[in-house]
Amino acid sequence: MAATVTGAGGDGAADQYGLAGHPVAHSWSPFIHGMFAKATGENIVYRLYDLLPGQFRREALHLLTSGVRGLNVTVPHKQAAAELVNELTARAARAQAVNTIALRDGATLLGDNTDGEGLVTDLERNLGIPLADRRILLLGAGGAVRGVLGPLLERSVREIVIANRTPARARALAAEFHDLGAVTAGGFADVDGPPFDLIVNGTSASLAGEMPDLPPGAVDGHTLCYDMAYGRGDTTFTRWARTRRAGRVEKGWGMLVEQAAAAFTLWRGKRPDTRPVLAALAPFR
Ligand code: ATR
């Protein structure tokens, strides 16, 4: 474990949770879970665990056998987490990616994936975007996109197109999910047809300051462009969306809070109200 940062709480009697990823120092999860804990009267401590890719399995097992009762899992460990746990929820099994681990009865590790619930709840409830009958373009074919495909398809969307830098990876993912609805896949240059209702960026291209080279016709004034990444100011993707005059541009703050609420509910059996947390984060968006 490269670094541990104390988040919510700090009381020795508190139940321990945390986030495992690399990097994690920028994470808002301790703040979010701290607010949930306070509002629901739950005594928890939430820490950040910066685990290098080669250390994830050993370190996560060490944490979960020495007092930590649950972990959120982020880049780049979501697929490794699916291999680590003893049981998967149906949606995590579908995704073959885990963002939430819960220790059950002190012995069983349950893996869930709350990313899709987080995205769908943010779009539908927080942003007021109904998903039924929408055409959606998903950029990327990694762990982030795996987690949201099933929950999006369950909302009776009209069509999902997955576009990825490595087209074969997108096609393989589409084949895994085609029984749930209309999913096609290809490279960025293969994207065609009328402008999309929704474009979701699930690539890590922004981290390198790059933007996938999409045909201009993918966006028009009614398109919502949503970046799963969150941070202050524009990302490369949201800047691109504004120059293309997208109807609406959003970042993944709401998805972050909603996936955290679903994880908290799994761990503590109490569903926290996300509205005060979204309001508290508003100045940082
Ligand atoms: P995650 O779990 O965050 O999805 P990942 O599995 O490494 O992480 O996937 C990262 C995604 O971002 C992939 O779709 C990757 O494309 P490839 O499958 O071709 O690797 C995409 N990606 C990363 N850097 C990119 C870039 N500079 N331009 C376009 N896509 C990029």
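The values are calculated or read from the model by the stated rules, or taken from the named source; none is laboratory data. Since the model is a prediction, treat every value here as computed from it, not as a measurement. FYI the Cβ positions are ideal-geometry reconstructions off the backbone, even for glycines, and counts take in every protein chain you see. Accessible surface is based on the protein model in full, side chains and every heavy atom, while ligands, DNA and RNA are left aside. Shrake-Rupley method; radii C 1.70, N 1.55, O 1.52, S 1.80 Å.
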Q: Give the accessible surface of the chain per residue, rounded to a whole number of Å², with probe radius 1.4 Å and ligands, DNA and RNA excluded.
A: 43 Å²
(Q) Once R0 is set to 30 Å, what does the formula 1/(1 + (r/R0)^6) return for the Cβ-Cβ distance between R104 and A39, expressed as a FRET efficiency to the nearest 0.05? (A) 0.75
Q | DSSP beta bridges in the chain [antiparallel fraction, %, rounded to 5] | A | 25 percent
Q: Give the long-range amide H neighbours of I162: residues separated by 5 or more places, or on another chain, with amide H under 5 Å away, using H modelled in the peptide plane at 1.01 Å from N.
A: L138, T184, A185, G186
Q) Full extension from Q79 to L207: what is 0.36 nm times the residue separation minus their Cα-Cα distance, to one decimal in nm? A) 44.1 nm
Q. Summing Lys, Arg as +1 and Asp, Glu as -1, what charge do residues with Cβ under 10 Å from the Cβ of R91 carry, R91 excluded?
A. -3
(Q) Show me the helices of the chain, taken as full DSSP H stretches, that run 20 Å or more along their long axis by Cα and average 0.0 or above in Kyte-Doolittle hydropathy. (A) 253-268
Q.
Keeping all protein chains in the complex and leaving out DNA, RNA and ligands, what accessible area do you get for H178 with a 1.4 Å probe, in Å² to the nearest 10?
A. 120 Å²
**Q.** Surrounding net charge for R248, when Lys and Arg each add one and Asp and Glu each subtract one, Cβ distance under 15 Å
**A.** 0
